[in-house]
Amino acid sequence: MKEEKIISSEDVEKIASLARIEIDSDEKGKFAKEISSILEYFKDLNTVGTSGRERFDYYELLKNQFRVDEIDQIEDEEKQAIRDLFPDRKVNHLKVKEVLNGSH
Amino acid sequence: MIKELHKKLQSKQITSMQLTKQYLDSIEEKDGEIHGYLNVLKDRALKNAQEVDEKIGKGGDLELLEGVPCAIKDNMCIAGTKTTAASKILENYVAPYDATVIEKLNQKGAVYLGKTNLDEFAMGSSTENSAFGVTKNPYDNERVAGGSSGGSAAAVGGNMAVWALGSDTGGSTRQPASFCGVVGFKPTYGRVSRNGLIAMASSYDQIGPITKTVEDAAIVFDAICGKDEKDNTTVEKEDASFVENLKPDLKGKKIGLVKEFFGNGLDGRVEKVVKEMLEKAEKNGAELVELEMPMLKHSLAIYYLMMPSEVSSNLARLDGIRYGLNESKKSKSILDVYLKSRKAGFGDESKRRIILGTYVLSSGYYDAYYKKAQSVRELVKEEFADAFEKVDVLVSPTSPTPAFKIGEKAQDPLEMYLTDVYTVSANVGMIPAISIPAGVVVEAGKKLPVGLQLMGKWWDEQNMLNVAAGFEQL
């Protein structure tokens, strides 16, 4: 009998496109098989009941921490270093391919 | 070791220049074979060493780390230098700013020898996932140095740096440290700022030292910990210096043996080394308490579910637009740029984890997977809280086996994941943990180091370090 996969090659293709990664057809089958075996391993967690007690007295990171939403000025030198990383630019602006194809 | 070098520098027995050159020579001599470094910062290191020597010449008092050459894992930003995370997608990325840990180390006068190899984005347990080649174990060059901080551990274990920084998401400082015969320390989650650390799994990532001794780990920890506005998970703590309060201490300490960590899958030779160390500790006044912790065995599933979820989100920013590998020339549309840049830029393990993470976070699966894992994670923390009411520290082997052969586990991702079985619990529980050298096993005439792992209570690194220093003296 053929081993049943939790996710199929088609699922992998769809998820990869959502994750914005192009993958080859031979990769689809490979990832489907590997990821299925990892998902199989996660079934372990279904054996654990999680409705029981919960204590929160031992760890103090459980409150939200906020900061003021204000503009942080950075040095010109650092700004330039960031611009230098742009793959393509026009003067000080990042240049990208058109976002809305052909719909000017 | 750091204190000793510090004294020699301060008393002018050696200069920082001599020391730095000595380590650069060692890198030159050995690293062609070991490949612990991705980028050696020779000019910068020599310049910094010279500055320290000038300060000594003027009679200045040195900080402990000042003038002492170290290595930094290449997923932490040093302004003006390449920071690749061992990924093709960041192959030419020059960090525009310093990570907070680097800012802190700069203030202490640390000298950086270079940036060390890792699994791509710190995702792996052997550095075999590095886009730039595997790091070999300094004890046996047919074997891995561990991972993901394999380069840092090999640099320290191979005497190519006095100490190094690693990062630990599921065991990435401790496991390579155990494979390379050195100390690897993961502090409590929230101790050390991750600003400038290239994010992998944000509810797990923590930066930590890889050193020769427990005392050195405490020195480095003192230098890098503390609240940082740029990482809101960091917490203000009024701790005194960890190194000043370090005293080897086993007498009367209750040491919990996690029963589940001495069972199936543990290499008998590793078990023997660890058990011998525990017997010695008992003779020196420690009290061994066997504990059953049934929740801990779920840690690996929790981790390998939540981590890829967080990875898929963190790595979404790498799309070829503002920095990194960009495949514009091969692309017609902006969507094409994303698809092709990410295809060419990410290695297999990154792709696998991004796809897995995207799947388990997708609508309809979120509750069954991510939320469930999060709930079980809380139960693991509760189990730790209960355990630390009974014992001072928990103990286990760091890894179920000594360093494995290059290629041995590379074909099966799940088998590779299982090598993290003892280390991930501390990340799941957010507690501090440390691996110290416990001994060696001999295989085919080569000595392979074995690590002993200690886990401590949240924020109580001092107690854990003191016990670790006690073990170190046995």
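Its Cα centre serving as origin, the protein assembly as shown has a Cβ charge dipole (Lys and Arg +1, Asp and Glu -1) of approximately 740 debye. Using the rule -39500 (n - 2.57) for each DSSP H run of four or more residues, divided by the residues of chain B, the 222 nm mean residue ellipticity is -11500 deg cm²/dmol.
Cross-link reach is defined here as a Cα-Cα straight distance under 25 Å, omitting same-chain residues fewer than 8 places apart; for B:LYS7 the lysines meeting it are B:LYS21, B:LYS42, B:LYS47, B:LYS55, B:LYS58, B:LYS104, B:LYS108, B:LYS212, B:LYS247. Pairs of alpha carbons in the protein assembly as shown separated by more than 32 Å make up 45% of all such pairs.
A straight Cα-to-Cα reach below 18 Å connects B:LYS332 with the aspartates and glutamates A:GLU22, A:ASP88, A:GLU98, B:ASP319, residues fewer than 8 places away in its own chain not being considered.
Given all pairs of different Cα atoms, what value in angstroms does the Kirkwood hydrodynamic radius of segment B:346-474 take? It works out to 17.3 Å. In order along segment B:164-177, the phi-based Karplus estimate (6.51 cos²θ - 1.76 cosθ + 1.60, θ = phi - 60°) of 3J(HN,Hα) comes to 8, 9, x, 10, 9, 9, x, x, 6, 9, 6, 5, x, 4 Hz; Gly and Pro are listed as x. Basic side chains Lys and Arg get +1 at the Cβ, acidic Asp and Glu get -1 at the Cβ, and with that the dipole of segment B:365-431 about its Cα centre reaches some 160 debye.
Sites counted here are chymotrypsin sites (Phe, Trp or Tyr not before Pro) in a DSSP loop (not H, G, I, E or B) having no more than 15 other Cβ atoms within 10 Å; the longest part of chain B that contains none of them is B:1-364. Here the simple spin-label model places points 7 Å from the Cα toward Cβ, and for B:GLU292 and B:GLU415 these points are separated by 3.3 nm.
In the frame of its principal axes, segment B:283-409 has Cα extents of 70, 39, 26 Å, reported largest first. Counting Cβ atoms of other protein chains within 10 Å of each residue's Cβ and taking the mean over peptide A:35-41 gives 5.
With Rh defined as the Kirkwood radius, the inverse of the mean 1/r over Cα pairs, the Rg/Rh of segment B:148-307 is 0.97. A Förster radius of 35 Å combined with the Cβ-Cβ distance from A:ILE82 to B:LYS332 puts the calculated FRET efficiency at roughly 0.80. By the rule of a C-alpha distance below 19 Å, with chain neighbours fewer than 8 residues away ignored, the lysines paired with B:LYS351 are A:LYS5, A:LYS14, A:LYS28, A:LYS30, A:LYS33, B:LYS88, B:LYS340, B:LYS343, B:LYS409. The three principal axes of the C-alpha atoms in segment B:396-456 carry coordinate ranges of 37, 29, 12 Å, sorted with the longest axis first.
Ordering B:SER16, B:TYR323, B:ALA145 by the projection of their Cα atoms onto the charge dipole of chain B, which places +1 on the Cβ of Lys and Arg and -1 on the Cβ of Asp and Glu, puts B:TYR323 at the extreme positive end. For B:GLU91, the amide hydrogen comes within under 5 Å of the amide hydrogens of B:LEU325, counting only partners 5 or more places away or on other chains and with H modelled in the peptide plane.
The A:ARG67 and B:GLU244 beta-carbon pair, evaluated with R₀ = 35 Å, returns a calculated FRET efficiency of approximately 0.65. Counting Cβ atoms of other protein chains within 10 Å of each Cβ in B:86-94 and taking the mean gives 1. For segment B:58-65, putting each phi into the Karplus relation 6.51 cos²θ - 1.76 cosθ + 1.60 with θ = phi - 60° gives couplings of 8, x, x, 8, 8, 6, 4, 8 Hz, in residue order, rounded to whole numbers and with x for Gly and Pro. Rounded to the nearest whole Hz, the Karplus-based 3J(HN,Hα) values (6.51 cos²θ - 1.76 cosθ + 1.60, θ = phi - 60°) of segment A:90-98 follow the sequence 10, 6, 9, 9, 6, 9, 10, 5, 4, with x at glycine and proline.
Modelled this way, with points 7 Å down the Cα-to-C-beta line, the labels at B:ASN284 and A:GLU75 are 4.7 nm from one another. At R0 = 25 Å, how high is the FRET efficiency between B:SER202 and B:ALA368 if r is their beta carbon distance? Nearest 0.05 is fine. Between B:SER202 and B:ALA368 the formula returns 0.70. Just in segment B:305-390: which GluC sites (Glu not before Pro) are loop by DSSP and have at most 12 other Cβ atoms within 10 Å? When the GluC sites (Glu not before Pro) of segment B:305-390 are filtered for loop state and at most 12 Cβ neighbours within 10 Å, B:GLU389 remain. In segment B:135-174, which residues have a backbone nitrogen under 12 Å from the label point lying 7 Å from B:LYS446's Cα in the Cα-to-Cβ direction? The answer is B:136-146, whose backbone nitrogens lie closer than 12 Å to the label point. The Rg/Rh ratio of segment B:159-243, with both radii computed over alpha carbons and Rh defined as the Kirkwood radius, is 0.96. Summing +1 for each Lys or Arg and -1 for each Asp or Glu among the other residues whose beta-carbon sits under 13 angstrom from that of B:LEU452 gives 0. Here the dipole of segment B:144-290 is about 340 debye; that uses its Cα centre as origin and unit charges on the Cβ of Lys and Arg (positive) and Asp and Glu (negative). The translational diffusion coefficient of segment B:83-227, from Stokes-Einstein at 37 °C and 0.692 mPa s with a Kirkwood hydrodynamic radius over alpha carbon pairs, comes to 222 µm²/s. When both bridge partners sit in the protein assembly as shown, DSSP labels roughly 70% of those beta bridges antiparallel.
We did not get these values from a lab; they are worked out from the coordinates using the rules stated. These numbers come from a predicted model, not from an experiment. Counting neighbours? That spans all protein chains shown, and the Cβs are built from the backbone with ideal geometry, glycine included.
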